[in-house]
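What follows is one structure encoded as structure tokens, with my remarks underneath.
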Amino acid sequence: MPRIQVFEHSFLAIGEKGFGQRHFIALSKLNALHNYQYFDLKHNGVVFKQFVGVVQIDGLTIEILPKVDQYEVENEETKNKWQSVLIEMLRVTRKLKIQKVGEAQLSKQSIHLLDLYFEWFLNEMQVLIHQGLIKQYYKQTGNVKALKGKLEFAGHIQKNLVHKERFYTTHQVYEKDHLVHQILGQALEIVAALSKGTYLYSKCKTVQLDFPAVASIKANENTFTKIPKSRKTAPYETAVSIARLIILNYAPNVSSGSEKLLALLFDMNKLWEEYVLIRLKQSVVGKEGYAVYGQNATPFWKDITVRPDILLVKNSERFVIDTKWKNIDYGEPSTDDLRQMYVYNEYWDCRKSLLLYPSNQSDFKGFVGFVKISDNDQHQCGLGKISVLNADGSLDSDIGRKILDLF
């Protein structure tokens, strides 16, 4: 299956690497459905924003990868490195389940990010089938040959004036054709449609053969709110969450009904924030007096709140960390960012706050005080650049400890 790998904030022209006019039209319609947040559309191509992940359009897979250094050479080695970084970030933040990135790439040549999600879903389905699929009670309305349940008089008179031997009833049924299985069945159909020509297609068809025949549905956001939560459905939570991701991001009619499109895209700013938060929490385990909180909100004005990305507590001191996934190697933080950090210091009674940026090389020159309004002001803000990668090009798992050292 053709694949294009691009980096965030890069430009992809129509006619380049197999990216055609129909793909451009599909992306433009997808972008419109999501308030134009994913891409900037030009007359002859598309400029990607801060969203990374994968889009598949009519057999063409486009992987959008993160990158710290905008001047880094864009070759296959670089793309493989940043694909591994993205997959590892998704794994750590629990948006993807995989043991080790390296093992996945060794077992499958030129693996696609979308394949990892499909394989994760199919593995979960195989576990459920092996454990035994549950039955559930649900109500069914229709004609039956024996009176059971509640007789629907209006429907019975309308449908059975001639057929006196039938009864139009609403009755309970106990079987495997229920909402949870119908959702999983819809996700399986999507995976089968989008995995043709890959190593996953035969695996998907095997799972479908082992899965019971269920009614076809078109699930939407509201459908998932109707799923009953009980002890019996608890083993289904992971499979249903992946199915939700697949179904709600699948747009079969986004391009005049001709192209099937699936987009799994993640805001790199949020992904970076979540990764730093998790690594920081791991780094304070066992340290007495330390605590780390994410998105700790406090009232600001009317219904508006302010919430820093990360709040670090060290004994009686508080520190605010605001993560920014942007390159700042040759610039200063924006005025808005500095104003934001000043407000955080005020509202959380902090003396020090930190703007944290990714970089190829760690660099921190200490905290600098804001200009005092009164003699009691002790506000300081630091600009920290932290290395994302280890020397071998892998994602730095020790980043939490290195951030703690800045304080």
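FYI, it's all coordinate maths here, none of it is from the lab. For clarity, every value in this text was computed on a predicted model and none was experimentally measured. Here Cβ is always computed from backbone atoms with ideal geometry, including for glycine, and neighbour counts include all displayed protein chains.
Observations on the structure shown:
- Ranked E152, E332, criterion: other C-beta atoms within 10 Å, fewest first: E332, E152
- Considering only G142, H130, F364, and ranking their Cα positions along the charge dipole of the chain that arises from unit charges at the beta-carbon of Lys, Arg, Asp and Glu, the one farthest toward the positive end is G142.
- Here the Gaussian network model covers the chain, with springs between Cα atoms less than 10 Å apart; of Y290, Y168, Y36, Y168 fluctuates the most.
- Listed by chain and number, the aspartates and glutamates whose alpha-carbon sits under 16 Å from that of K139, ignoring those within fewer than 8 places in the same chain, are E152, E175, D177.
- Each Lys and Arg contributes +1 and each Asp and Glu -1, all at the Cβ; summed about the Cα centre of the range 284-405, the dipole is approximately 120 debye.
- Full-extension gain in nm, L41 to D398, via 0.36 nm per residue minus C-alpha separation: 124.7 nm
- Summary value for the chain: 13 percent relative contact order, contacts being C-alpha pairs under 8 angstrom separated by 6+ residues.
- For the chain, built as a Gaussian network whose Cα springs stay under 10 Å, the top-fluctuating residue of P235, P299, P308: P299
- At R0 = 22 Å, FRET efficiency that the Cβ-Cβ distance of I304 and V368 yields, to 0.05: 0.20
- Net dipole in debye of the chain [+1 Lys, Arg Cβ; -1 Asp, Glu Cβ; about Cα centre; nearest 20]: 2020 debye
- Each principal axis of the range 266-369 carries a Cα extent, and these read 38, 34, 34 Å when sorted largest first.
- Helix-only [θ]222 nm of the chain, DSSP H runs n ≥ 4, -39500 (n - 2.57) each, per residue, nearest 500: -11000 deg cm²/dmol
- For the pair K95 and N390 in one chain, pulling the backbone fully straight at 0.36 nm per residue adds 104.0 nm over the alpha carbon distance.
- The range 178-231 - percent relative contact order, Cα under 8 Å, separation 6 or more: 51 percent
- Rg and Dmax of the range 1-72, Cα atoms only, in Å: 11.5, 33
- Annotation: the residues F364, F39, sorted from fewest to most other C-beta atoms within 10 Å of their own C-beta, follow the order F364, F39.
- Greater than 23 Å apart at Cα, pairs in K95/K365; K67/K270; K67/K324; K81/K205: K95/K365; K81/K205
- Remark: for residue pairs K314/K402; K218/K260; K352/K372; K176/K232; K159/K218; K196/K260, the C-alpha separation exceeds 18 Å in K159/K218.
- Along its first, second and third principal axes, ordered by size, the chain spans 93, 50, 41 Å in Cα coordinates.
- W272, W301, W120 arranged by Cβ crowding within 10 Å, fewest neighbours leading: W301, W120, W272
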